[in-house]
Each structure stands twice: as C-alpha cells, then as structure tokens.
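S.K.: Handing you a structure now.
The values are calculated or read from the model by the stated rules, or taken from the named source; none is laboratory data. Here the structure is a predicted model, which means the values were calculated and not measured. Because the Cβ atoms are built from the backbone with ideal geometry, glycine has one as well, and the counts that use them run over all protein chains shown.
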Amino acid sequence: MKNYKTEIKWAFIFTAMFLLWMTMEKLAGLHDKHLAQQQFVTMLILIPSFIIYVLAIKDKKKNYYAGNITYKQSFMSGFILTLFVVLLSPINQLITSCIITPDYFANVIEHTVKSGMFTQEQAEAQFNIKSFIITSLIGGLVTGAIFSAIISIFTKSKTK
C-alpha cells in the first residue's frame, strides 16, 4: 500500500470534492426547486474531477518517480486512482442520498413522471440508490480510464 499512498490520498481528495459538489447542488436547489437544470450542472463535475486527476498524476511523477515518468507509469497511477475512487463511490452515493439530500430520489421521480419523461415504474427503476451505485461504479471506471489515458499523454517525461 505504500506504493499507492499518492493515489489513496487523491482518492480521498476526490471523495471530498464530490461530497462538497453534491452539497453545493443541494444548497443551490438543484435537487428540488431547480431539478430540471441539475443534469447539466452535474456534468460540470467533470472539470474538477479532471483537475484532480492531473494534480494526482503530477504528484506521483514528482514525488514518487522523481520527475521522470513513462506513459505506462502515468496511466497506471491514474488507473489505480480510479480503482480507489470507484471503491469509495458507493460510500459517496450513500452519504449523498442518506445525509446530504435524502429526498432526492422522491423529487426526481416526481419530476420525471410529471414531465412525462418516465412512467412511475420506469422512474422508480431508474432513480434509486442501487441504480446510482451501479452507474457510479461503471461510469467511474470508464471516466477514470479515459482521464488517465489523456492526462498521461501530457505528463509522461520527454525522452531525449
């Protein structure tokens, strides 16, 4: 685990950022009054997520690899970070849905049914903790792998 100290540190930073983002969404009314705008605003979380990945991989390059990192090492660092983030994501979802915004699922179900986007049964199947945990696991793996691949292009050390 000592080899993954950097990735673990940044996974916890990522978790804190996610929970802060969800709290800000809740305070802004995006989980109730302004629910229609929530989907767009939530996509913006990709920006601080990407920045955290950049900082994490740069931290690994500087402090573990002494400033000299290959594409593979950089990608693996990002992917290990992804695995830790994904492991923490069910906890994020539980804290979000049980503490930060316990009425979110009821609100989004009501909103989507009233707007005609889903039937009651479809909305209940789509918007629940189990569905969100599964989505965060799969989405986290895919997004983290893509971030790692892109960032590693720019963080790898230049060969002479």
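S.K.: What's the total number of residues in segment 71-123 that are among the aromatic types (Phe, Trp, Tyr), in contact (Cβ under 8 Å) with a residue 40 or more places away in the chain and under 20 Å from Lys26 (Cα atoms)?
M.R.: 1
S.K.: Looking at the structure I just gave you, is Gln73 over 15 Å from Tyr4 (Cβ atoms) and of a type in the set (S, T, N, Q)?
M.R.: no
S.K.: Residue pairs, Cβ under 6 Å, 6 or more apart or interchain, first in segment 16-31 and loosely packed, with under 12 Cβ neighbours inside 10 Å and at pLDDT 95 or above, second in a loop (DSSP other than H, G, I, E, B) and among the β-branched types (Val, Ile, Thr). List them.
M.R.: Pairs that qualify, where the first residue is loosely packed, with under 12 Cβ neighbours inside 10 Å and at pLDDT 95 or above and the partner is in a loop (DSSP other than H, G, I, E, B) and among the β-branched types (Val, Ile, Thr): there are none.
S.K.: Step by step: first the residues of segment 96-139, then only those that are in a loop (DSSP other than H, G, I, E, B) and of a type in the set (A, V, I, L, M, F, W, C), then the one that is surrounded by the fewest Cβ atoms within 10 Å (Cβ to Cβ). Which residue is that?
M.R.: Here the answer is Met117.
S.K.: For segment 140-160, what are the residues that are loosely packed, with under 13 Cβ neighbours inside 10 Å and assigned to a helix (DSSP H, G or I)?
M.R.: Listed by number, the residues that qualify are Val142, Ile153, Phe154.
S.K.: Right, something else. Filtering segment 30-81 down to residues that are among the β-branched types (Val, Ile, Thr) and part of a helix (DSSP H, G or I), which residue is nearest to Phe12 (Cα to Cα)?
M.R.: Ile52
S.K.: Now, a different point. What about Val85, is it surrounded by 15 or more Cβ atoms within 10 Å (Cβ to Cβ) and under 11 Å from the mean Cα position of the chain (by Cα)?
M.R.: Taking the combined requirement at face value, the residue satisfies it.
S.K.: What pairs can you find where one residue is in segment 137-160 and closer than 16 Å to Ala11 by Cα, the other is among the polar types (S, T, N, Q) and part of a helix (DSSP H, G or I), and their Cβ atoms are less than 7 Å apart, with a gap of 6+ or different chains?
M.R.: Leu137/Ser89; Gly140/Thr82; Gly140/Ser89; Leu141/Thr82; Gly144/Thr82; Ala145/Thr82; Ser148/Thr82
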